[in-house]
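The values are calculated or read from the model by the stated rules, or taken from the named source; none is laboratory data. All of these numbers come straight from a predicted model, not from anything done at the bench. Every residue, glycine among them, receives a Cβ derived from its backbone with ideal geometry; neighbour counts consider all protein chains shown. Heavy atoms of the whole protein, side chains included, go into the accessibility calculation; ligands, DNA and RNA do not. Shrake-Rupley method; radii C 1.70, N 1.55, O 1.52, S 1.80 Å.
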Amino acid sequence: MLLAEDFWLSWIDSNDLQDGIMTVIQGLLEGIIDGVWILVLPLLGMGGIVATLWLWLKRRDQTVKLPIDRDALLRLPGYGLQQQISDRQMDVIGYLLLAVLITTAPFAGVGAKALLTRETPPYFILLAILLCLLSCCLRAWKNLQQLNRYRLGYVAELATAAELLRLQGMGYQVFHDIQAEGFNIDHLVVGANGVFAIETKGRHKWLRDARQRGKNHEIVFRDERLQFPSWYETEPLIQAERQACWVHQWLSKAVGAAIPVTPVLVFPGWYIKLQSRPPFPVINHKQLVSTLPRLGVLLFSQEQINALSYQIAQRCVQGSP
């Protein structure tokens, strides 16, 4: 009798043990599933933006490259600090996003699970979420394209500014980013032989041009237009002349005397080939130091240079009136 009771008690205990193990396993599985809801679903939206960024970067690297290597430029004051500031700004943005994700992910996951496990799935809400995510990805793509253009222009102007530093050692006064009436003058250089309004243009070098034509680094000036490897432009020539004309009118009015201004068009990182005579210098950034001192004749005394520099410096500080 005692043996039978011990057998049944051990059998009951073993069943209870199995049930307990199954309950623990089931609880773990439910916890894992809940964790997936909490972590994965809130990350889907961010994943869409990350995927867009990855695709855009891959496409950019396969199609174009910057005309110059930024790391090979002369460093301007504060360059190292600017890099550190940029890194810390990205860290702060990352911490903000992480804080938002940590505090909202559990609630978002539980809410998403409740919606998706209903008997009738909320198709309208799911469609609205999908459309909003698609819109965000498209907007991110457009902003990345615009950011790439800004990056190209910024690096091009840095290259020009770095070369203009050499002119300061030769007695020239150099100014950057002068605000005009709805536009800006990239660089103004004032010296004894004149005032030079420098327009810097950044243009990507297309990798397909190197594959198809064997070169993607040359600009040919011919018949009043700029011939790139696979396209041509005339607007930069018109823009440079128009802006020099504006500087001439502004400075002449400011100092009460006619001030001739010479436009200069700069394409950093490109080789410029002249097949006809341009109306004003069209050069790359490395040619600035050798070209500007040879232009014009002695026009201004030191007193006049100081007066012109004062007017330009005031506009740089105060912006356009």
Could you grab me the full set of residues in the range 247-263 that are part of a helix (DSSP H, G or I) and either surrounded by fewer than 21 Cβ atoms within 10 Å (Cβ to Cβ) or under 31 Å from the mean Cα position of the chain (by Cα) (or both)? Val247, His248, Gln249, Trp250, Ser252, Lys253, Ala254, Val255
For residues in the range 227-260 being in contact (Cβ under 8 Å) with a residue 24 or more places away in the chain and polar (S, T, N, Q), which is farthest from Lys205 (Cα to Cα)? Gln243
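Rundown of residues vs (1) at pLDDT 60 or above; (2) open to solvent by 100 Å² or more (accessible area, probe 1.4 Å), yes/no style:
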| residue | (1), (2) |
| --- | --- |
| Met1 | no, yes |
| Ile21 | yes, no |
| Gly31 | no, no |
| Ala51 | yes, no |
| Trp54 | yes, yes |
| Gly78 | yes, no |
| Arg88 | yes, yes |
| Lys113 | yes, no |
Filter result (exposed (fewer than 14 other Cβ atoms within 10 Å of the Cβ) and outside any loop (DSSP other than H, G, I, E, B)) within the range 282-310: Ser290, Arg294, Gln302, Glu303, Asn306, Tyr310
Starting from the range 191-218, keep only residues that are in contact (Cβ under 8 Å) with a residue 40 or more places away in the chain, then list their pairs with residues that are assigned to a strand (DSSP E or B) and acidic (Asp, Glu) whose Cβ atoms are within a distance under 6 Å, requiring at least 6 positions of separation or different chains. Ile198/Asp186; Glu199/Asp186; Thr200/Asp186
In this structure, is Val266 buried (at least 21 other Cβ atoms within 10 Å of the Cβ), in contact with a helix residue (DSSP H, G or I) (Cβ under 8 Å, 6 or more places away or on another chain) and closer than 17 Å to Leu167 by Cα? yes
Please name all residue pairs, on different chains or six or more residues apart, with Cβ atoms under 8 Å, provided the first residue is in the range 294-308 and is closer than 15 Å to Ala258 by Cβ and in contact (Cβ under 8 Å) with a residue 60 or more places away in the chain and the second residue is of a type in the set (Ser, Thr, Tyr) and open to solvent by less than 100 Å² (accessible area, probe 1.4 Å). Gly296/Thr262
Counting only strands (runs of 3 or more DSSP E) entirely within the range 194-245, those with at least 3 residues that are open to solvent by less than 50 Å² (accessible area, probe 1.4 Å) are 194-200, 218-222
Going by what's in this entry, would Arg277 be described as outside any helix (DSSP H, G or I) and closer than 25 Å to Pro236 by Cβ? yes
With the structure loaded, tell me whether Lys273 is touching a residue at least 24 places away in the same chain (Cβ under 8 Å), within 26 Å of the chain's Cα centre (by Cα), open to solvent by 50 Å² or more (accessible area, probe 1.4 Å) and under 28 Å from Met170 (Cβ atoms) or whether it fails that test. no
All but one of (1) closer than 14 Å to Val189 by Cα; (2) more than 28 Å from the chain's Cα centre (by Cα) hold for Ala244; state the number of the condition that does not hold. (2)
Taking the range 188-200 and keeping only residues that are at pLDDT 95 or above and of a type outside the set (A, V, I, L, M), one is left with Phe196, Glu199, Thr200
Considering only residues that are in contact (Cβ under 8 Å) with a residue 60 or more places away in the chain and either out of contact with any Ser or Thr (no Cβ under 7 Å at 6 or more places or on another chain) or open to solvent by 100 Å² or more (accessible area, probe 1.4 Å) (or both), look in the range 135-144 and name the one that is nearest to Ile68 (Cα to Cα). Leu144
Take the conditions at pLDDT below 95 and out of contact with any strand residue (DSSP E or B) (no Cβ under 9 Å at 6 or more places or on another chain) and apply them to Lys253. Does it pass? yes
Could you count how many residues in the range 146-193 are under 17 Å from Lys286 (Cβ atoms), in contact with a Ser or Thr (Cβ under 6 Å, 6 or more places away or on another chain) and open to solvent by 30 Å² or more (accessible area, probe 1.4 Å)? 1
Return the residue satisfying two criteria in turn: it lies in the range 148-193 and is assigned to a helix (DSSP H, G or I) and among the aromatic types (Phe, Trp, Tyr), and of such residues it is farthest from Ala307 (Cα to Cα). Tyr150
